[in-house]
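Below: one structure, written as structure tokens.
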Amino acid sequence: MKITTRCFFPLIFVFSTSTLEAASSFKESSLFNDSSLTLGIHNNLKYVSEGETGRRIVHEAWGQGFSLDYRSGYFNDLIGVDGSYYGVIKLAASDNFSSRGILYNDQGEARGFNKFGQIYGKVKFADASVNGNLYAGWKLMKLGVLTTSMRAAPNSYQGVSADLNWDAYRMRIAYVDKSSNRDSPDKVHFTTNEGKEITSIYTGDLQFKSDGLSLLYIYGESQNYLLRNGLELNLTQNEKLSYGAQMYTTNALNNYRSMSTSKKDFDSTANHYAIDMTWKHGNWTIKPALAYTQAHKTNGIGQFPRHMTKNSRGTFNSMAYAGLDYMRDKEKVFSFDLGYQLTPDFLVGINTHYGMLRYKKEKVSEGEFNIYTLWKPSSPALKNLSISTLVGPGRTFQHTGTTPITNSNGVIKKSDLMAYEFRIDYKFNIF
């Protein structure tokens, strides 16, 4: 069949016009019109001088971080894409910088780094009182047994996650198989304490939240390694007084049980229980808390493992939160936080912990005392700026792994420490 030019050119014109109209409609859709780009600046300095292993070591790292966060709108009110780029510049570091989680440990040398920490697709839907979201790709995550921690840059995870909200309830689930640590540009697998690969982590949580009550149940498993259940409760009595409780239990699975004892944090089960109270009066905020841990370990002091694997970070909202301290077997911990709002913009306070346990019938104790400040200006021009400081001494015991070091008389040796932290965060919208 012969097509004449008189028929062909009108067809081209109609097709081109339709294509241009579709492209114009796509460009003017909320996918672009509702998008934003935010620049973040994160300056973080951490210093610790300690002698837990029997010799004095100084850990210090100082990094200048920045972030570019792009958030798209939704095409057809359904689908979008987000991404974040992070960079960290080395300002200073000691020989033992790596434990500070700020700078990249490049074969023993402290370096800055940069990376695309987030890039993921997103889909949303809503129907009456029900709405939900689906995500796939590299993403920051605070869900179930996993969390994201921010220093000069954050850690992120590769996988899929979803949430569903209806009335006072929220349900979330996730499956992840890789991570990028907060102090590294590398994309890595999860591993056991012995360095063996763990294929994935799957997790989820269910929350009920009303005006006076918040109840959160969390669940997660690092494949055939650790299984965790958790319960977090917050009860508000009035505008001045509220109560909190946290309970986490972790069970060893086959790949954990088969590890050598020296690599284990506990033998078979580890539990952590905590309660707290918050009282607000005028410019004062007072928060005391009690905590207790069960984590038996043969020939050593066991501890509750906050993280589900190496290269992941675990959810843990008890006040007994300070590195690996205050979560040892049969340790009783008292924590206390006192804050005073000196001005509407400036908060000053003290934070202290004291923990006590017994090892071979001998009393073992540890503690710390910190003074902190937080300045968040109320000026509209600086509304996303915050500057915080923390400084204070502490005391713990010397140990090899989890086994205390004793002197010639069999008395456990003590170790003093000193720590301080300085942090500046500022964000502003580019568009």
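The values are calculated or read from the model by the stated rules, or taken from the named source; none is laboratory data. The structure displayed is predicted, hence computed values, not measured ones. Note: ideal-geometry Cβ built from the backbone for every residue, glycine included; neighbour counts use all protein chains shown. These area figures cover heavy atoms from the full protein model, side chains too; ligands, DNA and RNA do not enter into them. Shrake-Rupley method; radii C 1.70, N 1.55, O 1.52, S 1.80 Å.
Points to keep in mind about this one:
- For Tyr74, the conditions (1) closer than 25 Å to Asp425 by Cα; (2) surrounded by 15 or more Cβ atoms within 10 Å (Cβ to Cβ) all hold with the exception of (1).
- Restricting attention to the stretch 286-296 and to residues that are open to solvent by 20 Å² or more (accessible area, probe 1.4 Å) and not β-branched (Val, Ile, Thr), the residue that is nearest to Gly401 (Cα to Cα) turns out to be His296.
- Any chance Asp77 is of a type in the set (Asp, Glu), in contact with a strand residue (DSSP E or B) (Cβ under 9 Å, 6 or more places away or on another chain) and in contact (Cβ under 8 Å) with a residue 24 or more places away in the chain: yes
- Positions within the stretch 218-244 being surrounded by fewer than 17 Cβ atoms within 10 Å (Cβ to Cβ), in a strand (DSSP E or B) and free of Cβ contacts under 8 Å to residues at least 60 places away in the same chain, in sequence order: Asn229, Leu231, Leu233, Leu235, Thr236, Leu241, Tyr243
- Tabulated pairs, the stretch 49-74, first closer than 17 Å to Pro393 by Cα, second open to solvent by 10 Å² or more (accessible area, probe 1.4 Å) and of a type in the set (Phe, Trp, Tyr), C-beta under 9 angstrom, 6+ apart or interchain: Val58/Tyr47; His59/Tyr47; Glu60/Tyr47
- Residue match in the stretch 302-319 (condition: of a type outside the set (Val, Ile, Thr), part of a strand (DSSP E or B) and farther than 29 Å from Ser98 by Cα): no
- Residues in the stretch 47-71 that are among the charged types (D, E, K, R), open to solvent by 30 Å² or more (accessible area, probe 1.4 Å) and under 17 Å from Ser99 (Cα atoms): 4 in all.
- Filtered residue count, the stretch 148-161, keeping only those that are within 29 Å of Leu45 (Cβ to Cβ) and in a strand (DSSP E or B): 4
- Residue that is surrounded by the most Cβ atoms within 10 Å (Cβ to Cβ) [pool: residues in the stretch 162-177 that are out of contact with any Gly (no Cβ under 8 Å at 6 or more places or on another chain) and assigned to a strand (DSSP E or B)]: Arg170
- Unique residue being buried (at least 16 other Cβ atoms within 10 Å of the Cβ) and over 23 Å from Tyr70 (Cβ atoms) when the list is Gly144, Gly112, Gly159: Gly144
- Restricting the stretch 185-204 to residues that are hydroxyl-bearing (Ser, Thr, Tyr) and open to solvent by 30 Å² or more (accessible area, probe 1.4 Å), the residue that is farthest from Leu216 (Cα to Cα): Thr199
- Residue match in the stretch 123-131 (condition: touching a residue at least 12 places away in the same chain (Cβ under 8 Å) and open to solvent by less than 40 Å² (accessible area, probe 1.4 Å)): no
- Of all residues making up the stretch 201-217, the number that are hydroxyl-bearing (Ser, Thr, Tyr) and in contact (Cβ under 8 Å) with a residue 40 or more places away in the chain: 2
- Looking across the stretch 258-285, just one residue is at pLDDT 95 or above, open to solvent by 60 Å² or more (accessible area, probe 1.4 Å) and over 30 Å from Asn351 (Cα atoms), and that is Ser258.
- Taken over the stretch 51-99, the criterion of being among the hydrophobic types (A, V, I, L, M, F, W, C) and within 26 Å of Ser180 (Cβ to Cβ) is satisfied by Ala61, Trp62, Phe66, Leu68, Ile79, Val81, Val88, Ile89, Leu91, Ala92, Ala93, Phe97.
- Among the residues of the stretch 299-349, those identified as among the aromatic types (Phe, Trp, Tyr) and surrounded by fewer than 18 Cβ atoms within 10 Å (Cβ to Cβ) are Tyr321, Phe334, Phe336, Tyr340, Phe346.
Every residue, every condition in (1) among the acidic types (Asp, Glu); (2) part of a strand (DSSP E or B); (3) open to solvent by 60 Å² or more (accessible area, probe 1.4 Å), yes or no:
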position	(1), (2), (3)
Met356	no, yes, yes
Lys363	no, yes, yes
Thr373	no, yes, no
Ala381	no, no, yes
Thr396	no, yes, no
Ser408	no, no, yes
Met418	no, yes, yes
Glu421	yes, yes, no
Ile424	no, yes, no
